[in-house]
Amino acid sequence: MALTLEEKIVDPNQGVYLIGTTPPKLGTDNAQLEGIAKKLLGRLHEIEYDGVIVYDIQDESSRTNVPRPFPFKKTVDPREYSRLLRDISHLDVITYKSVAQRGKAEFTAWLNETKQQFNLKNLVLVGSPSSHGDIKLSLSDAYETLAEHNEPFFLGGVTIAERHANKRNEHERLIEKTQQGCEFFISQAVYNAQATIDLITSYARTCRQKGIAPKRIILTFTPCGGEKTLAFMEWLGISVPEATKWRILDSKEPLSESIRICRESLDSILKSCAHLDVPLGLNIESLTNRKEEIDASMNLYRLLKATMELSLAEKQISAISA
């Protein structure tokens with residue numbers, strides 16, 4: 001019998017390979033929604049993957065004074081799209097939920113609906129993009145509310161290596177979130193491999209000191225086809241070193257160059273962290289709906305999955321030989 005996505009994530013000997021996507025824009029009717037879902041799954045038909053992540057897109061303009069490179073558009077309920085993708089593909093989904101906009105009672109009602117109406121279990125909760133604005137529910141309070149809920153959920157959290165580079169405490173956040181119920185973490189898109197290596201190293205050392213098993217960190221990668229996508233990545237808070245930025249923009253084929261950079265980054269992370277016993281996973285997303293970037297994300301997925309599978313096989317052989 002095939003393992004569920006939850007079973008794969010909690011088993012450090014399993015690989016975990018995911019595709020990230022955003023729901024269609026608000027106002028998309030049911031027939032169009034189904035057509036978009038089938039088109040996505042048709043594109044994914046040629047690759048082997050364990051499930052889809054559906055993001056909850058919010059207006060993050062409170063986080064920065066820089067104008068958003070692409071206009072913000074509200075989307076259909078991520079749960080609706082998650083359910084549709086699951087029902088068509090028969091694969092598990094992970095659904096993101098931004099919690100700051102609703103109070104505790106509304107969030108409890110949302111959890112009831114999520115389980116009873118949508119039959120979704122795998123969640124990643126996201127807090128407010130900034131400390132400014134009207135925060136009706138903190139991330140900690142949302143975790144507490146979920147823990148008190150009578151329905152079982154499989155909970156994940158977000159990790160941001162850039163935060164660790166600045167504050168040196170992201171590994172402590174991961175341990176705190178684990179205590180609050182998180183069983184796995186999904187990273188922001190990686191373009192600064194060293195920041196990710198530093199985070200994983202700090203996390204592994206602290207887990208070892210505390211005598212606890214580290215949770216899986218699912219690394220996100222995305223292709224970049226040019227200046228506007230790069231500006232959007234930086235607007236989202238993704239750290240792109242200056243040399244990497246010009247390597248992409250000065251290339252005759254920016255998409256291909258970004259794929260090479262992602263491959264090098266993953267290779268560097270795997271080699272630097274192989275001895276740390278932190279289970280890793282892979283998530284590939286496209287930040288735009290440009291066809292060439294979506295196609296590039298499929299190529300990126302194949303390449304990085306093969307890279308990660310080889311690393312996992314080498315690790316298992318080493319364990320047997322030891």
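A short reminder: the numbers here are calculations on the coordinates, not readings from a lab. From a predicted model like this one, the values you see are computed outputs, not experimental measurements. Cβ: placed from backbone, ideal geometry, glycine included. Neighbour counts: every protein chain shown.
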Q | Under Karplus coefficients 6.51, -1.76 and 1.60, residue-wise ³J(HN,Hα) of the stretch 305-313 in Hz, glycine/proline x | A | 5, 4, 4, 6, 5, 5, 4, 5, 5
Q) Taking LYS291 as the anchor, which lysines have their alpha carbon closer than 23 Å to its alpha carbon, excluding any fewer than eight residues away along the same chain? A) LYS25, LYS38, LYS39, LYS73, LYS74, LYS228, LYS245, LYS252, LYS305
Q: Determine the shape class of the stretch 12-321: with a ≥ b ≥ c the square roots of the Cα gyration tensor eigenvalues, call it rounded for a/c under 1.5, and otherwise prolate if a/b is greater than b/c, oblate otherwise.
A: rounded
Q. Residue by residue, what Karplus-based ³J(HN,Hα) values in Hz, rounded to whole numbers, does the stretch 8-13 have, using 6.51, -1.76 and 1.60 with θ = phi - 60° and x for Gly and Pro?
A. 5, 5, 7, 9, x, 7
Q) TYR49's amide H: which non-local residues (gap 5+, or another chain) put their own amide H closer than 5 Å, with H modeled 1.01 Å from N in plane and none for Pro or chain starts? A) none
Q | Overall form of the stretch 237-322 per C-alpha gyration tensor (a/c, 1.5; a/b vs b/c) | A | prolate
Q. Projected onto the charge dipole of the chain (+1 at Lys/Arg Cβ, -1 at Asp/Glu Cβ, origin at the Cα centre), which of SER82, LEU123, ALA231 gives the Cα projection farthest towards the positive end?
A. ALA231
Q) Going 7 Å from the Cα of ASP277 toward and past its Cβ, which residues in the stretch 210-239 have a backbone nitrogen under 18 Å from where you end up? A) 210-217
Q | Positive-pole candidate from ALA243, GLN180, ALA109, dipole of the chain, charges at beta carbon | A | ALA243
(Q) Test of understanding: in a Gaussian network model of the chain with alpha carbons linked when under 10 Å, which of ASN283, ASN30, ASN122 would top the mean-square fluctuation ranking? (A) ASN30
Q. Could you give me the ³J(HN,Hα) list for the stretch 145-159, computed from phi with Karplus coefficients 6.51, -1.76, 1.60 and θ = phi - 60°, whole Hz, x at Gly and Pro?
A. 4, 5, 5, 7, 6, 7, 8, x, 10, 9, 9, x, x, 9, 10
**Q.** R0 of 30 Å, Cβ-Cβ distance ILE294-GLN14: FRET efficiency to nearest 0.05
**A.** 0.65
Q: Note down the nm distance, to one decimal, between modelled labels 7 Å out along Cα→Cβ at LEU41 and at GLU172.
A: 4.5
Q) Using a basic spin-label model with each label point 7 Å from the Cα along Cα→Cβ, how many nm lie between ILE317 and ALA231? A) 4.7
(Q) Please give me the summed charge of the neighbours of LYS115: other residues whose Cβ is under 13 Å from its Cβ, Lys and Arg +1, Asp and Glu -1. (A) +2
Q.
For a quick check: sort HIS149, HIS275, HIS171, HIS90 by the number of other beta carbons within 10 angstrom, fewest at the front.
A. HIS90, HIS275, HIS149, HIS171
Q) If we count every other residue with Cβ under 15 angstrom of THR159's Cβ, Lys/Arg +1 and Asp/Glu -1, where does the sum land? A) +1
(Q) Give the residue list of trypsin sites (Lys or Arg not before Pro) in the stretch 149-182 that are DSSP loop and have at most 15 other beta-carbon atoms within 10 angstrom. (A) ARG168
Q: Within the set of other residues whose C-beta is less than 13 Å from the C-beta of SER265, count the net charge using Lys and Arg as +1 and Asp and Glu as -1.
A: +1
